[in-house]
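S.K.: Here it is: the structure, laid out below.
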Amino acid sequence: MPQSVLDFPGSAVRRSDVLPPVLVRSWRDCGSDVAWVQAAGELDIGSVPALEQTLRGAELRARLVVLDLREVTFMDSCGVHLIVSASIRARRAGRRLVLVRGRSQVARILALTGASEDVESVELEPGEPAVQALLQLAQLDQLPQQEDVA
């Protein structure tokens, strides 16, 4: 039977060094039919169900859901699938899901899978407050729609 890292004699590895951080997620009502969902930690097969539940709760209360990925340290294909599914679900219901882009590792998987082209997103600095993203979205919404000129 293979030994785990923790089973090696004389190993100084602690269990907390081996186990990945748990995804922390929360959402808050920002008024004006907007919900802000913040995720932190690892977004993978083990944590996707919890974030899915959080997103669905926010979707029930707001037409615009902003998913802040700035504190997500890792994301696998399950996380990408969750985000794309939530985006499709929002569009079909006449709502919007907007991502606040995260770390380079997270951005890379979204780009490699093509998801970054299918999901609306904004970029904020790590310490910028949620209101900055909402202001960016408000400015984008005020841009005139370009019409084809024949």
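The values are calculated or read from the model by the stated rules, or taken from the named source; none is laboratory data. Given the structure is predicted, the values throughout are model-derived calculations rather than measurements. Please note: Cβ atoms are built from the backbone with ideal geometry, for glycine as well, and neighbour counts cover all protein chains shown. The area values use the complete protein model at the heavy-atom level, side chains included, leaving out ligands, DNA and RNA. Shrake-Rupley method; radii C 1.70, N 1.55, O 1.52, S 1.80 Å.
S.K.: From Cα pairs below 8 angstrom and at least 6 apart in sequence, can you work out the relative contact order of region 48-98, rounded to a whole percent?
M.R.: Numbers: 30 pairs, mean separation 23.9, N = 51.
With pairs under 8 Å counted, the relative contact order is 47 percent.
S.K.: Could you do me a favour and compute the accessible area per residue for region 45-100, 1.4 Å probe, result in Å²? Before the final figure, lay out each step's value.
M.R.: On the way: 2480 Å² over 56 residues.
For region 45-100, the solvent-accessible area averages 44 Å² per residue.
S.K.: What spacing in nm lies between the two simple spin-label points modelled at R89 and E120, each 7 Å away from Cα in the Cβ direction?
M.R.: 1.7 nm
S.K.: While we're on this one: Multiply the residue gap between T73 and Q53 by 0.36 nm, knock off their C-alpha separation, and tell me the result in nm, one decimal place.
M.R.: Values: separation 20, 0.36 × 20 = 7.20 nm, distance 2.00 nm.
Between T73 and Q53, full extension yields 5.2 nm more.
S.K.: For region 94-128, run through the GluC sites (Glu not before Pro) and keep only the ones in DSSP coil with at most 15 other Cβ atoms within 10 Å of their Cβ.
M.R.: On the way: sites: E117, E120, E123; in loops: E123.
Passing both the DSSP loop test and the Cβ count: E123.
S.K.: Quick one: which residues, 5 or more positions from L124 or on another chain, have an amide H under 5 Å from its amide H? H modelled 1.01 Å from N in the peptide plane, none for Pro or chain starts.
M.R.: It is R101, by chain and number.
S.K.: Sticking with this structure for a sec: Of I88, I109, I45, which has the most accessible area with a 1.4 Å probe, and how do the rest follow in descending order? Walk me through the numbers before you get to the answer.
M.R.: Working: I88 60, I109 40, I45 125 Å².
Per-residue accessible area, sorted high to low, gives I45, I88, I109.
S.K.: Could you work out the local net charge near S116, counting Lys and Arg as +1, Asp and Glu as -1, over the other residues with Cβ closer than 14 Å to its Cβ?
M.R.: On the way: positive: R101, R103, R108; negative: E117, D118, E120, E123.
Charge balance in the 14 Å sphere: -1.
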